[in-house]
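Data first, discussion second: the structure below is written as structure tokens.
The values are calculated or read from the model by the stated rules, or taken from the named source; none is laboratory data. These numbers were taken from a predicted model, which means no experiment stands behind them. Cβ placement follows ideal geometry from the backbone for every residue including glycine, while neighbour counts extend to all protein chains displayed. These accessible areas exclude ligands, DNA and RNA; they are computed on the full protein's heavy atoms, side chains included. Shrake-Rupley method; radii C 1.70, N 1.55, O 1.52, S 1.80 Å.
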Amino acid sequence: MRQNTDLENLAAQPIAAADELAGTFEIQPHNALASEEEHTRIFANLGFGSDFTDYMAHATWTAGKGWHNKVVEPYGPLTLDPAGAVLHYGQETFEGMKAYRHDDGSIWTFRPTYNAARINMSNRRLAIPEITREDFVASIVDLVRADARWVPSAPGTSLYLRPFVFASESFLGVRAASRYEYLVIASPSGAYFKNGLQPIDLWVDRIYHRAGPGGMGDVKTGGNYASSLLPKVRAAEAGFDEVLFLDAATNTNLDELGGMNIFVVMADGSVKTPALTGNILPGGTRSSIIQLLEANDTDVAEEAIPLQFVLDGLESGDVAEMFACGTAAVVTPIGRLASEDFDVAVPVGDKTAAIYDELTAIQLGHAEDRFGWLYKIADAS
Ligand code: COI
């Protein structure tokens, strides 16, 4: 039997209901809400991460006061001194979450205590003050309640939530800052990839790594994503959707895609995913998929997966499917793996689709929430 990770154990601790947390972030007046025409225009063509809601949650941390000024305020540009520490040394962490509209009009989110635990794991690594899990979940509740009209209901859509923290002290010395901002912004979204659930083509990069031993690869900080961008540009120029990174220690084992974890489905029905070595982000979607598969009596191995094992398995037929997963990307089939010396098709099969269906059915309230993952933010209004 698999042992829960520390994050999974923290996430499983009970948290107060939304009505008890509501009001922690005090709503500020807004005199320029988006018009109904603007709302309709945005909802008619939902992509990923390019349109934003009326409000944002915001709090500030200073040494004397801790986290204070907790508000939900009009969405808009921030004022930041050019010497703001985040602009120079990247002291920043973030999360990705979603709010879903159920058929009865109520609004829910998925495992918010997992994200609360993970942002604090990231904060500890980046020497950023922690946020209480109650404040973290309250910021989601208060923002989403204020922005309720931005939670879409069409199939495959959701309100994508982006909590983040950054060092806002104006100071050029290299040390942990003495002032931070915590914000949550929200973006009504459709599929992460513009071709929806079409299989994606991966370039396996043997030159660059996103993170190395002792680095920050297991936490959610902008630097890990910044290091993935040049490889991604080069891969896109060659016609690939994403980059698959190998481990920095041996350059032989699968790590992750930068913004997504990876799974390999074997022909015997068992499933493998790279072990959490400290270089891989412990994805909430990864964790949920492992638990769903195990509950369905599927063998899941979290272990080192050599690239050569995958290439041999694709040739012999032992590897049946591969998919990527993450909050934004949900479950996305992989259709091709290539690098300087190979270019192979990956079969697309039923298991990936079944996992997508099972996970999204829970998120949308269409299947029993066996693990208690759903958190109700608001009733239908
Ligand atoms: C998410 O899946 O929510 C992330 O934060 C990753 C990013 C690729 C959008």
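Over the chain, give the accessible area per residue in Å² for a 1.4 Å probe, as an integer. Before the final figure, lay out the partial values.
Numbers: 16380 Å² over 381 residues.
Computed with neighbouring chains in place, this is 43 Å² per residue.
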The ³J(HN,Hα) series, computed from each phi in the stretch 2-8 with the Karplus coefficients 6.51, -1.76 and 1.60 at θ = phi - 60°, rounded to the nearest Hz and given as x for glycine or proline, is 5, 7, 4, 7, 4, 4, 5
Could you give the length gained on full extension between residue 9 and residue 50, defined as 0.36 nm per residue of separation minus the Cα-Cα distance, in nm?
11.4 nm
For residue 201, which sequence-distant residues (separation of 5 or more, or a different chain) have an amide H within less than 5 Å of its own amide H, given hydrogens modelled in the peptide plane?
241, 242, 335
Between residue 367 and residue 171, what length in nm is gained on full extension when 0.36 nm per residue of separation is reduced by their alpha carbon distance?
65.5 nm
Could you give the distance between the Cα centres of the stretch 72-103 and the stretch 47-63, to the whole Å?
5
In whole angstrom, the spacing between the Cα centers of the stretch 186-227 and the stretch 263-304 equals 18
Across the chain, qualifying lysine pairs (alpha carbons under 30 Å, at least 8 places apart or different chains) come out at 23
Here the residues of the stretch 22-46 lying in the modelled label zone of residue 65, meaning backbone nitrogen under 18 Å from a point 7 Å along Cα-to-Cβ, are 24-29
Show the residues, 5+ positions off or on another chain, whose built amide H is closer than 5 Å to the amide H of residue 98.
110, 161
Angle between the Cα long axis of helix 133-146 and the longest principal axis of the chain, 0 to 90 degrees, nearest 10?
80
Just to be sure I understand the model, the point goes 7 Å from the Cα along the line to the Cβ. What's the resulting residue 154 to residue 79 distance in nm?
3.9
With N denoting the number of residues in the chain, provide Rg(C-alpha) divided by 2.2 N^0.38 Å, to two decimal places.
0.98
For the chain, find the longest principal axis of its Cα atoms and tell me its angle to the long axis of helix 284-295, 0 to 90°, nearest 10.
50
Relative contact order of the chain, pairs being alpha-carbon contacts under 8 Å that are 6 or more residues apart, as %
19
5 Å is the cut-off here: which amide hydrogens, built 1.01 Å from N in the peptide plane, fall below it relative to residue 55, excluding neighbours closer than 5 in sequence?
75
